[in-house]
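Step one of this worksheet: look at the structure below.
Computed from the coordinates by the stated procedures, all read-outs in this text should not be read as laboratory data. As the structure is a computational prediction, the values presented were derived from the model and not from experiment. Glycine also receives a Cβ, built like all others from the backbone with ideal geometry; neighbour counts cover every protein chain displayed.
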Ligand code: NDP
Ligand code: 2IT
């Protein structure tokens with residue numbers, strides 16, 4: 001059997017064994033599409049069935065999460081944690097609370113996380129979790145009761161040496177606080193390293209909140225540098241208005257770019273003067289409001305557009321920072337038509353396969369999420385490091401470490417793509433560099 005046939009047969013088996021999990025299929029397909037040359041060069045990895053093993057989670061947990069709302073009505077949600085791969089360290093990855101969460105979504109995110117975490121160079125395995133709970137329009141007390149119920153089941157699977165969750169969509173500092181409190185209460189242990197994204201007064205790391213967005217922009221700057229450019233004076237379009245989007249906007253502005261958009265699931269804002277970040281933070285982080293409120297309060301110059309058309313706004317750099325499959329083939333074609341130079345993914349898998357093909361085909365610098373958004377989990381690993389040594393570093397020191405890590409990730413993607421004869425292809429570089437690290441550790445650790 002040729003290497004290509006072997007990979008096709010592995011993929012066919014994955015489709016058959018994981019029916020209906022379309023996002024998981026998409027994430028696996030993208031990685032498998034780049035691994036031919038690795039298996040051709042290293043038959044021992046094929047022999048050890050590393051691809052088959054790495055695409056089967058080590059453990060998948062699904063559990064009931066009962067809670068009652070403020071009026072006393074009972075609700076039942078579903079909780080998930082997929083402990084995907086522990087070759088490089090304890091399972092590490094965020095929790096997502098969003099009504100669209102299914103096992104397939106958690107598996108796609110967990111699969112991506114394995115290679116992303118490897119790329120950081122930090123000792124962390126891959127995992128992901130969450131719930132189909134919808135936090136929108138819920139009171140603080142309801143969020144707390146949900147988090148307590150979720151952790152009452154999940155705690156038995158966690159530990160600083162076992163599995164270390166963090167935030168993702170719908171899970172930020174408030175939720176991590178309630179989850180940590182319940183873990184501590186049940187276990188009677190102040191085990192700081194069991195969760196990351198904690199508050200700064202109780203074991204959290206400086207710059208973790210900013211890290212994903214900052215890292216994504218630092219990665220963009222590294223990509224532009226390969227063509228003798230930087231972010232100064234560039235016009236940037238950002239989607240989303242959550243944690244990743246806000247701090248991508250902040251870093252892009254610090255580097256001299258003008259960011260003209262942000263969005264949420266109802267629509268997007270165009271603000272030609274450049275996003276007023278203090279106003280956006282006040283509305284999103286403090287008031288938990290919508291981007292339409294931003295347009296209203298910002299006044300003349302900014303306007304709100306209903307729907308998903310943010311990629312129609314002309315730009316030099318596009319940063320999708322909302323959710324999966326938010327940038328499709330037609331969007332990519334529009335961006336190319338408008339002369340986009342770089343697209344870097346703050347979100348996980350925001351560009352569809354067709355979108356990726358179009359961007360790469362047009363010679364656009366394209367940074368896939370598992371490289372471009374790895375600054376968040378890398379800084380989570382720095383938080384674990386501080387917790388383990390009962391230390392706390394300054395913002396400047398932590399941000400410097402983040403910048404070094406993003407530089408390292410960019411270099412290793414870039415060099416790996418060159419080594420495999422695909423210069424400038426960050427998808428090939430990220431997938432192969434991440435896969436090789438995980439595969440080598442798996443081979444060394446035997447058939448487990
Ligand atoms: P937040 O919950 O803070 O923000 C999510 C943003 O995306 C909101 O603006 C939200 O709008 C929008 N959004 C979410 N779901 C949808 C949807 N189905 N359709 C349209 N818009 C949507 O999450 P984060 O900023 O933390 O996460 C954003 C992305 O970044 C995700 O893909 C996540 O996996 C990824 N990521 C996050 C990291 C982190 O450290 N937080 C690290 C690496 C990647 P609305 O409020 O209307 O739902
Ligand atoms: O997708 C991601 O990398 C995250 N949501 C962050 C994970 C983490 O453990 O910090």
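Across q = 0.20, 0.21, 0.29 Å⁻¹, region 256-321 modelled as identical point scatterers on its alpha-carbon atoms has Debye log10 I(q)/I(0) values of -0.76, -0.84, -1.48, in the order of the q list.
Across all Cα atoms of region 195-255, the radius of gyration (one decimal) and Dmax (whole number) stand at 13.4, 43 Å.
Translational diffusion of region 362-426, estimated by Stokes-Einstein from the Kirkwood radius over alpha carbon pairs at 25 °C in a medium of 0.890 mPa s, is 184 µm² per second.
Considering all alpha-carbon pairs of region 202-314, what whole percent are spaced by more than 22 angstrom?
The calculated P(r) of region 202-314 puts 31 percent of pairs beyond 22 Å.
Over region 285-365, Cα pairs under 8 Å with separation of 6+ residues give a relative contact order of 28 percent. Under a crude label model (7 Å from the Cα following the beta-carbon direction), how far is residue 279 from residue 9 in nanometres? Those two pseudo-labels are separated by 6.1 nm. Along the Cα-to-C-beta direction of residue 189, a point sits 7 Å from the Cα; which residues of region 133-175 have their amide N less than 14 Å from that point? Answer for this model: 155-165.
Two decimals is fine: what is log10 I(q)/I(0) at q = 0.18 Å⁻¹ for region 306-448, from a Debye sum with one equal scatterer on every Cα and no solvent? Those come out to -1.07, one per q. Legend: Rg and Dmax of region 1-130, from Cα coordinates, 17.0, 62 Å.
Normalised by 2.2 N^0.38 Å, where N counts its residues, the alpha-carbon radius of gyration of region 328-378 equals 1.11. Volume of the convex hull of region 78-152 (Cα atoms only), normalised per residue: 91 Å³.
Figure legend: label point modelled 7 angstrom from the Cα of residue 266 along Cα→Cβ; residues of region 123-151 with amide N under 15 Å from it are 136-138. Note on region 217-351: antiparallel DSSP beta bridges, both residues inside, total approximately 50 percent of the bridges counted.
Short-range pairs are left out: with C-alpha atoms under 8 Å and at least six residues apart, the relative contact order of the chain is 15 percent.
DSSP beta bridges fully contained in the chain are about 60 percent antiparallel. Extension gain for residue 160-residue 330 works out to 56.8 nm (0.36 nm per residue, less the C-alpha to C-alpha distance).
In this label model, residue 140 and residue 448 are separated by 4.4 nm, measuring between points 7 Å along each Cα→Cβ vector. Of all DSSP beta bridges confined to region 228-307, the antiparallel ones make up roughly 80%.
On full extension, the segment bounded by residue 357 and residue 56 gains 105.7 nm, given 0.36 nm per residue less the C-alpha separation. Its relative contact order, with pairs defined as Cα atoms under 8 Å and 6+ residues apart, puts region 323-448 at 20 percent. With viscosity 1.306 mPa s and temperature 10 °C, the Kirkwood radius over alpha carbon pairs of region 278-384 converts through Stokes-Einstein to a diffusion coefficient of 104 µm²/s. Rg over Rh for the chain works out to 0.95, both radii taken from alpha-carbon positions and Rh defined as the Kirkwood radius. With helices as the sole contributors, the chain gives -14500 deg cm²/dmol at 222 nm; each DSSP H run of n ≥ 4 counts as -39500 (n - 2.57), and the sum is divided by every residue. Would you look at the GNM of the chain, springs on alpha carbons closer than 10 Å, and say which of 253, 360, 16 moves the most? Evaluated over the chain, the most mobile residue of the options is 16. Note: region 167-214, Cα convex hull, 70 Å³ per residue. The gain in end-to-end length when the residue 404 to residue 385 segment is fully stretched comes to 5.2 nm, 0.36 nm per residue minus the alpha carbon separation.
Which values of log₁₀ I(q)/I(0), to two decimal places, follow from the Debye formula for region 118-274 at q = 0.19, 0.21 Å⁻¹ with a uniform point scatterer at every Cα? For the requested q values the scattering log ratios are -1.20, -1.32.
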